[in-house]
Amino acid sequence: MFLIITTIGCSQEWDKKFPKSEKITYKKVSFQNRYGITLVGDLYLPKNYNNQVLPALAISGPFGAVKEQSSGLYAQTMAERGFAALAFDPSYTGESGGEPRNTASPDINTEDFSAAIDFLGLQTFVDRNKIGIIGICGFGGMALNAVAIDKRVKAVAVTSMYDMSRVMSKGYYDSLTAEQRAQMLVKMSEQRWEDAKNGKPAPGPRNLPETLDGSEVRFVVDYFNYYRTPRGFHHRSLNSNGAWNATTPWSFMNMPLLTYIKEISPRPVLIIAGEKAHSRYFSEDAFKAANEPKELMIIPGAVHVDLYDRLDVIPFDKLTDFFKENLH
C-alpha cells in the first residue's frame, strides 16, 4: 500500500503539462527525507498490474521545474511500460516542504533522491532490489551523486544533464575567471548580512524574462519556449514563474557534485544528450569520468529542451530496455 497519501494543501486535479494516460493509475503521495522535509510526489503505476511486484524508478528534474512538467511525463511513460514510477518535487520547491522557499542544495537535493528510494522500497508492490533513478537536466548531476553513495540503486539514467556545482562555480564552459568567482562570493557574502537583518532571503533575478528582446542566446530562447509558453508553463515552476533566492549558489560553489562518480560502478550508467544541446559537454565529461559499465547516447539534431517533452525525441525504448536489463 502507499506509505502516505497527501490530501491536504496539494492540488488533487490533473494539472500536468501532458495528457493523462489511460494505461496508468496515479496517486499523490508524500514522504520525508532524513532532514525532516516532507516531499510530495506523483506515483504512477501500470493499470491492472494485478498485484505484481514491480521494478521502480525515482525521477526528478529539471532544476527549477516541478513534477507536473518533464519528470511527470517521464514517470507516466515509464509506468505505461511496466514500472512503478515516482516523480517528485525537490525540497523547497513545488508542493514539497522546506523553508525558506526557492532554494537548492547539492546535499539536500541529493538526499531527496535517497528519500524517494526509501519510499519506494517500503511499498508492497515494489521489488526493492529493482530500483533505478532518472535525473533530468540539473537533477541529472544530483542523480549521479545520489547513486554514487546509495548502493540500493541498481541503475541510473540521466538526460540533458547539468552539473549544477560546476556551472554555478565556474560558469558556462568553465569561463568564469578567478576574479569573477571572487566577486560572486563577495556579493553573496554581503547578501547574507542583508538576509539576516531582514529575517528572510532576498530573491535573485527571475530565472527567465517576461518577454524576449532578441538579444538572448539560443538556449535561453529554447528555455523560454518551454517554460514561458503553454507548452510547459506551470505556475509552481520557478523557471516558469519565479526566481531562486539570491544566495542559492552559495553551497554549490565549493561542493563538486561528481567527485565520486566512479563509485557508481559496477552499476550501469546511461547518459543521454542532444547533439546540439548547449549542455552536451556536461554529459560527455561525466561519461569520461564514470567507470564501466557506461553508455553515452547522443540524439541527432536534438537541443537541450527537446529531451524535456518531445515524445518523438526522448528515447523511451532505450530507457525501457536499459532498466529492464539492469534492474536486478
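The values are calculated or read from the model by the stated rules, or taken from the named source; none is laboratory data. As the structure is a prediction and not an experimental result, all values here were calculated from the model. Glycine gets a Cβ as well: all are built from the backbone with ideal geometry, and neighbour counts include every protein chain shown. Areas reflect the complete protein model, heavy atoms only, side chains present, ligands, DNA and RNA absent. Shrake-Rupley method; radii C 1.70, N 1.55, O 1.52, S 1.80 Å.
Checked against a 24 Å cut-off, the cross-linked pairs K27/K67; K288/K318; K28/K318 give Cα-Cα distances beyond that limit for K28/K318. Ordering of 182-192, 317-327 by packing is 317-327, 182-192, highest average first (other Cβ atoms within 10 Å, averaged per residue).
For the listed peptides 127-133, 286-292, a ranking on the average number of other beta carbons within 10 Å per residue, highest first, reads 127-133, 286-292. Taking the protein heavy atoms of the stretch 106-161 in the context of the full set of protein chains, the accessible area attributed to carbon and sulfur is 54 percent at 1.4 Å. Per-residue Karplus couplings for the stretch 128-135, computed as 6.51 cos²θ - 1.76 cosθ + 1.60 with θ equal to phi - 60°, are listed in order as 5, 8, 9, 10, x, 10, 10, x Hz, Gly and Pro entered as x. In the chain, the longest principal axis of the Cα atoms and the axis of helix 138-149 are about 60 degrees apart. Across the alpha-carbon atoms of the stretch 174-255, the computed radius of gyration and Dmax are 15.2, 40 angstrom.
With every protein chain in place and a 1.4 angstrom probe, the accessible-area ranking of R267, R236, largest first, reads R236, R267. Backbone phi angles across the stretch 311-328, fed through the Karplus curve with coefficients 6.51, -1.76 and 1.60 (θ = phi - 60°), yield HN-Hα couplings of 5, 8, 10, 4, x, 5, 4, 5, 4, 4, 4, 4, 6, 5, 6, 10, 8, 8 Hz in residue order; Gly and Pro are listed as x. Based on the reciprocal of the average 1/r between different C-alpha atoms, the Kirkwood radius for the stretch 109-207 equals 16.2 Å. Think of each Lys and Arg Cβ as +1 and each Asp and Glu Cβ as -1; about the Cα centre, that makes the dipole of the chain roughly 400 debye. Diffusion coefficient of the chain by Stokes-Einstein, Kirkwood radius over Cα pairs, 25 °C, 0.890 mPa s: 124 µm²/s. Here V167 sits with roughly 20 square angstrom of accessible surface, probe radius 1.4 Å. Backbone geometry of the stretch 203-214 corresponds, through the Karplus equation with coefficients 6.51, -1.76 and 1.60 at θ = phi - 60°, to 3J(HN,Hα) couplings of x, x, x, 3, 4, 9, x, 5, 9, 9, 10, x Hz, x marking Gly and Pro.
When only Cα pairs below 8 angstrom with a gap of at least 6 residues are kept, the chain shows a relative contact order of 17 percent.
Of the whole protein surface, H235 contributes about 110 Å² of accessible area at a 1.4 Å probe radius.
Compared with the dominant Cα axis of the chain, that is its longest principal axis, helix 178-198 is turned about 80°. Average accessible surface for the stretch 263-328: 44 Å² per residue, computed with a 1.4 Å probe over protein heavy atoms with every protein chain in place. Amide H contacts of Q32: L39, each under 5 Å away and 5 or more positions distant or on a separate chain (H built 1.01 Å from N in the peptide plane; Pro and chain starts excluded).
Residues whose amide H falls under 5 Å from that of S60, counting only those 5 or more places apart or on a different chain, are I134, I136, with hydrogens built in the peptide plane.
Its Cα centre serving as origin, the stretch 160-226 has a Cβ charge dipole (Lys and Arg +1, Asp and Glu -1) of approximately 260 debye. Rounded to the nearest 10 degrees, the inclination of helix 106-121 to the longest alpha-carbon principal axis of the chain is 10 degrees. Kindly flag which residue pairs out of K23/K130; K170/K262; K16/K170 have an alpha-carbon separation exceeding 26 Å in this structure. Violating the 26 Å limit, Cα to Cα: K16/K170.
Placing +1 on each Lys and Arg Cβ and -1 on each Asp and Glu Cβ, with no other charges, gives the stretch 76-224 a dipole about its Cα centre of roughly 380 debye. By the Kirkwood approach, averaging reciprocal distances over each pair of separate Cα atoms, the stretch 7-54 gets a hydrodynamic radius of 12.8 Å. Proximity of backbone amide H atoms, modeled 1.01 Å from N, is registered between L257 and S165, R166 at under 5 Å, excluding neighbours fewer than 5 places apart on the same chain.
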